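A short worksheet on the structure shown next.
The values are calculated or read from the model by the stated rules, or taken from the named source; none is laboratory data. Predicted model only: the values in this text are computed from it and were never measured. We place every Cβ from the backbone using ideal geometry, glycine too, and count neighbours over all the protein chains shown. Protein only, heavy atoms only, side chains kept; ligands, DNA and RNA dropped before computing areas. Shrake-Rupley method; radii C 1.70, N 1.55, O 1.52, S 1.80 Å.
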Amino acid sequence: MDNLKEKTAKGLLWGLMNNGSTQVLNLVFGIFLGRLLTPADYGMVGVLAIFTAIAGNLQSSGFTQALTNMKAPSARDYNAVFWFNVLVSVSIYTVLFFCAPLIARFFRQPALVEVSRFVFLSFVIASFGIAHGAYMFKNLMIKEGAVIGFAALSVSGTAGVLLALNGMNYWSLAWQQVIYITVVNIGRYICTPWHPSLKVDMRPIRNMFGFSVKILFTMILNTLSGNLLVFIFGRIFPMKAVGNFTQANKWNTMAYSFLTGTVAQVAQPVMAQISDDSQRERRVFRKMMRFTAMLSFPAMFGLAMVAEEFILVTIHEQWLDSVPLLKVLCVSGAFMPFYTLYQNLVISRGRSDIYLWCNVAQILVQIGIVLVFARHGIMAMVAAYSASSILFLAVWQYFLHRLTGIRTAEVARDICPFMLAAALVTGAVWPLTAAIADPWLLLVCRVVIVAVLYSVVMKLAHAQIFDECLGYLKNRHGGNNKAAGQ
């Protein structure tokens, strides 16, 4: 038990470091590219995201989650997944290659023919590293993943900026995607002790298929849900409007992914190990809920508060139209990490059917909302879409209660204090600092004051998870100092 607790704590710490460094690099490269490229450039590559993501879902087919749920997957299991991914990805790329003219015609952008054929190479390259990524995920190799991600983002981001400086426009974004996944695969091959063999045996695929196919369909639905607005906007609005939404959604996703990515790296592997101990599972899940709420609400509410000065300071006035969209998205973004917890608990219980049908219901609701609000403009569509994302958590909570007995009142007690504290702190800081005219100074003052005040509130309220996190960091720092002294 202590060993698993220590692994979980280390995993969360390395996950935070990994996602923190990743978001810092994304911020730096995003600033450079946002200044060098136009909203139309972002729109050109943004409309292809749904095709690339769905192709990626098809090639992975949920086998990462299936391997993680297995007590001791063998080299034969990993090898079968490897060759399945490669064969499927090549087949999908062939179809999309010939569909490129149709995609370009749908979005009324002839240049998308060549761009899409190049961008789609990224998921073919990715297929060679999915099984290795599953091995690292199963064995909680989060430290190695952090190093790989940092290196890949550094190389691809630098390449993207250099290409943009040389007038490559949207091609710089396309190259950035391809280079990123190439470096990731190289890193996974270096760090993973398992490697594929030419002895192909697909029987393990049949054994995993019943579970993984539900994960596959759900992943596709999640992709459709996450890219639904971009796809629709690309059809009915100019590319500039699509680019503004893409930019706002990028910053929102970067912010909440900082925590979502951290939790996702440990949630399923840990939950899978304790799924046969219901009381311990309840305790671990609720503690993860409190940890998530403690970080998510101040981060996302804070970003909504500083959205305008953040955009002005980083990517300048040409992107000001994205500010209202970013503010709305940040409110719903604060709740996105909770989806990760709910979904990973359901998957760890082997209930991929619940995972599938909850997502089917959610995307049907979202499609209906988008159709109803389409005539009211882009802002109304985004607001309604975001509200539905928050409210649909009630459906996941229903199934959580059925599986674990955790009541809605318990979840509310876990997350509401952090939500209220974050709302009160950001709500108080906004008018207090509104008189500051300089956007740089305003941004720094608001971030620092919110961070300090929120920490003080947590300390005065004796928030247990806050104290535990500080205690772990102090003990780790003290142990490192002691080791250095010896």
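Hey, does the range 352-360 have a residue that's charged (D, E, K, R) and farther than 19 Å from Tyr385 by Cβ? Within the range 352-360 (the criterion being charged (D, E, K, R) and farther than 19 Å from Tyr385 by Cβ), the answer is yes, since at least one residue qualifies. Out of Ile347, Ile415, Ile390, Ile406, one residue alone is open to solvent by less than 10 Å² (accessible area, probe 1.4 Å) and touching a Ser or Thr at 6+ places or on another chain (Cβ under 9 Å). It is Ile347.
Residues in the range 152-197 that are among the aromatic types (Phe, Trp, Tyr) and in contact (Cβ under 8 Å) with a residue 60 or more places away in the chain: Tyr170, Tyr189, Trp194. Every listed requirement among (1) under 17 Å from the mean Cα position of the chain (by Cα); (2) within 30 Å of Ala461 (Cα to Cα) is met by Arg283 save one, (1). Residues in the range 451-470 that are at pLDDT below 90, surrounded by 14 or more Cβ atoms within 10 Å (Cβ to Cβ) and more than 26 Å from the chain's Cα centre (by Cα): Ala463 only.
Just one of the listed residues (Leu329, Leu303, Leu320) is under 20 Å from Pro39 (Cα atoms) and either of a type in the set (Asp, Glu) or modelled with pLDDT of 90 or more (or both), namely Leu329. If you go through the range 294-322 and keep only what is farther than 15 Å from Leu424 by Cα, in a helix (DSSP H, G or I) and open to solvent by less than 20 Å² (accessible area, probe 1.4 Å), you end up with Ala307, Glu309, Ile311, Val313, Thr314, Trp319, Ser322.
Scanning the range 140-159 for residues being open to solvent by 40 Å² or more (accessible area, probe 1.4 Å) and over 25 Å from Trp194 (Cβ atoms) gives a total of 1. The residue list Phe123, Phe106, Phe137 contains one member that is modelled with pLDDT under 85, among the hydrophobic types (A, V, I, L, M, F, W, C), crowded, with 18+ Cβ neighbours inside 10 Å and within 27 Å of Thr38 (Cα to Cα), which is Phe123. Whenever a residue of the range 433-459 is under 19 Å from Ala293 (Cβ atoms) and of a type in the set (A, V, I, L, M), its partners that are modelled with pLDDT under 90 and in a helix (DSSP H, G or I), lying with C-beta atoms within less than 7 angstrom and at least six residues away or across chains, give the pairs Met458/Phe466.
None of Gln273, Gln247, Gln177 is at pLDDT 70 or above and open to solvent by 40 Å² or more (accessible area, probe 1.4 Å) except Gln177. Restricting attention to the range 72-103 and to residues that are outside any helix (DSSP H, G or I) and more than 27 Å from the chain's Cα centre (by Cα), the residue that is surrounded by the fewest Cβ atoms within 10 Å (Cβ to Cβ) turns out to be Ala72. Test Arg203 against the criterion of being of a type in the set (Lys, Arg) and either free of Cβ contacts under 8 Å to residues at least 40 places away in the same chain or surrounded by 21 or more Cβ atoms within 10 Å (Cβ to Cβ) (or both), and give yes or no. It is false that Arg203 is of a type in the set (Lys, Arg) and either free of Cβ contacts under 8 Å to residues at least 40 places away in the same chain or surrounded by 21 or more Cβ atoms within 10 Å (Cβ to Cβ) (or both). One residue stands out among those in the range 350-384 that are assigned to a loop (DSSP other than H, G, I, E, B) and more than 15 Å from Tyr398 (Cβ to Cβ): the one that is least open to solvent (accessible area, probe 1.4 Å), which is Gly377. Taking the conditions exactly as written (at pLDDT 85 or above, part of a helix (DSSP H, G or I) and surrounded by fewer than 18 Cβ atoms within 10 Å (Cβ to Cβ)), does Leu162 satisfy them or not? It is true that Leu162 is at pLDDT 85 or above, part of a helix (DSSP H, G or I) and surrounded by fewer than 18 Cβ atoms within 10 Å (Cβ to Cβ).
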